[in-house]
Amino acid sequence: MVTAVKSYDANKLFNISRAFFNFLALANSAENHHRIRRLREHLNSSQSEYGLWPKADSCAGSIKNLLKDGVNADSIMRALSSQKVEIVLTAHPTEVNRRTMLRKHRRVKEILEQQDRHDLSLYERKQLQQQLEAEILSIWESDNLRRVKPTPVDEARSGLAIVENVLWEAVPSFLRKLEDVAQNELERRLPLDCAPIRIGSWMGGDRDGNPNVTPEVTLEVSLMSRWVATSLFLNDVKDLRASLSVRPCSDELRKAANDAREPYREVLKQLEARLLATQVWAEKLLKAPSLATANELNPKRRGDNDHQLILSRDDLMEPMQMIYRSLKANGLEAIADGRVLDTIRRIAVFGTTLMPLDIRQESTRHTEALDAITKYLGQGSYLQ
């Protein structure tokens, strides 16, 4: 075999390498899918109604063990509600996979999930098999790697794609499962704005590790993150507006809706308009972020129609919580605890910028800045 491989030319070696690369990537997708399937089988065989597997090293298992050890439910709930687990997305020079390939592998995962259905007809199963073959063929015939070195903005864009394509659905799904465990084991619900998971990022703020990350890049990445957040919440609000045609509401909501016939849709329409205005504002600044003025970046200073913009977490949270309270007060808990609650949890976790940007600067720049500040305040030289 070694002798045979030594005789291969560069073109054949390249194709063999690609074949193994794609095979291993597809094998990982299949293995992940199988692990999830086995976990579901374990849950079913154990007769557990939890969304999380209650083994010792899981969230569900930890809660059960704490209760067995005599820790009271209130203490566990306080810890659960106040904990903060931050997942930080970092840019790495070896991360050369294209977003296109990530999407294709996600589609493979979706097809595998559909194939697990037991009620598929033979025709439907054949169609899914053809779709799977088409995705694998498309992967093989596509370029796997980036051919141009990504800029810091490109790296940040890839990080935002992870939030959009994975975390946006995964985070509220996990919190829903965690709440299910809390209700069963602790007889308590998680707070509406519970956000034990937070997402952070270094991409676009790593000024001590990448000379290409300038203040202008940091500004552009921040604006891009805000634009993506606005777009994602806009989709959520549009979906809710399409479905919330119910009329019973609280006096608080009726007043906010100006006595509209469909009060929830009216409040969501107002929120949608504000999100659209925010999206336009962010797009305008993204066209020339380096030329943005302080007033444009902080529109509250201008005093015109900028009160319509969504600039803080509360701008989103307050109307959504008002909708939630109204639905609950009128016996519509099933609606409140569906997509409305998922959106509230997304607001709590992602806010209006998706993820805080950690800005890291080389230490001498910090020292110089502090020296200028202490001298200005008449406190002497920080350097000395």
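The values are calculated or read from the model by the stated rules, or taken from the named source; none is laboratory data. Please read these numbers as outputs of a predicted model, since none were measured by experiment. Every residue, glycine among them, receives a Cβ derived from its backbone with ideal geometry; neighbour counts consider all protein chains shown. Ligands, DNA and RNA are excluded from the accessible area calculation, which covers all protein heavy atoms including side chains. Shrake-Rupley method; radii C 1.70, N 1.55, O 1.52, S 1.80 Å.
Legend: calculated FRET efficiency, Ile162 to Ser231, from the Cβ-Cβ distance at R0 = 22 Å, rounded to 0.05, equals 0.90.
Report the full-extension gain for the segment Tyr382 to Asn11: residue separation times 0.36 nm, less the Cα-Cα distance, to one decimal in nm. Separation in residues times 0.36 nm, less the Cα-Cα distance, equals 127.5 nm. Amide H contacts for Gly200 (H built 1.01 Å from N in the peptide plane; partners 5 or more residues away or on another chain; cut-off under 5 Å): Ile87, Val88, Leu89.
Which percent, nearest 5, of DSSP beta bridges in the chain are antiparallel? Among the beta bridges of the chain, antiparallel pairing accounts for roughly 10 percent.
Placing dummy labels 7 Å off each Cα toward the beta-carbon, the span from Asn258 to Glu124 is 4.6 nm. Surface composition of the stretch 208-264: carbon and sulfur make up 46 percent of the accessible area, probe 1.4 Å. Top mean-square fluctuation among Tyr123, Tyr324, Tyr264, Gaussian network model of the chain, C-alpha springs under 10 Å? Maximum fluctuation in the GNM of the chain, among the listed residues, is at Tyr123. Taking all protein chains into account, the per residue accessible area for the chain stands at 59 Å² (1.4 Å probe).
With point charges of +1 on the Cβ of Lys and Arg and -1 on the Cβ of Asp and Glu, referenced to the Cα centre of the chain, which listed residue (Leu223, Thr3, Ser363) lies farthest in the positive direction of the dipole? Comparing the listed Cα positions along the dipole, Thr3 ranks first.
Largest first, the residues His366, His33 sort by 1.4 Å accessible area into His366, His33. Taking 0.36 nm per residue of sequence separation and removing the Cα-Cα distance, the Phe20/Ala73 pair yields an extension gain of 14.0 nm.
Heavy-atom accessible area with a 1.4 Å probe sorts Phe20, Phe233, largest first, into Phe20, Phe233. If R₀ is 30 angstrom, what is the calculated FRET efficiency for the pair Glu41 and Glu333, using the beta carbon separation as r and rounding to 0.05? FRET efficiency, Glu41 to Glu333: 0.45.
Using the Cβ-Cβ distance between Thr364 and Asp154 with R0 set to 30 Å, the FRET efficiency works out to roughly 0.60. For Leu52, Leu316, the ranking by accessible surface with the largest value first comes to Leu52, Leu316, using a 1.4 Å probe. Cα gyration tensor of the stretch 118-169, axes a ≥ b ≥ c as square roots of the eigenvalues: rounded (a/c below 1.5), prolate (a/b > b/c) or oblate? Because a/c hits 1.5 or more and a/b fails to exceed b/c, the stretch 118-169 counts as oblate.
Paramagnetic label reach from Ser142 (point 7 Å along Cα→Cβ; backbone nitrogen cut-off under 20 Å): within the stretch 10-32, residues 15-32. For the pair the stretch 1-38 / the stretch 308-369, the C-alpha centres are spaced 42 Å from each other. Only protein heavy atoms count here; on that basis, with a 1.4 Å probe, Asp69 has an accessible area of about 120 Å². Please label the shape of the stretch 131-274 as rounded, prolate or oblate, based on the square roots a ≥ b ≥ c of the eigenvalues of the alpha-carbon gyration tensor (a/c under 1.5 means rounded; beyond that, a/b larger than b/c means prolate, else oblate). Judged from the Cα gyration tensor, the stretch 131-274 comes out prolate (a/c at least 1.5, a/b above b/c).
Only DSSP H runs of four or more residues enter the estimate; each adds -39500 (n - 2.57), and after division by the residues of the chain the mean residue ellipticity at 222 nm equals -20000 deg cm²/dmol.
For the stretch 229-381, a simple Cβ point-charge model (Lys and Arg +1, Asp and Glu -1, everything else neutral) yields a dipole of about 220 debye relative to the Cα centre.
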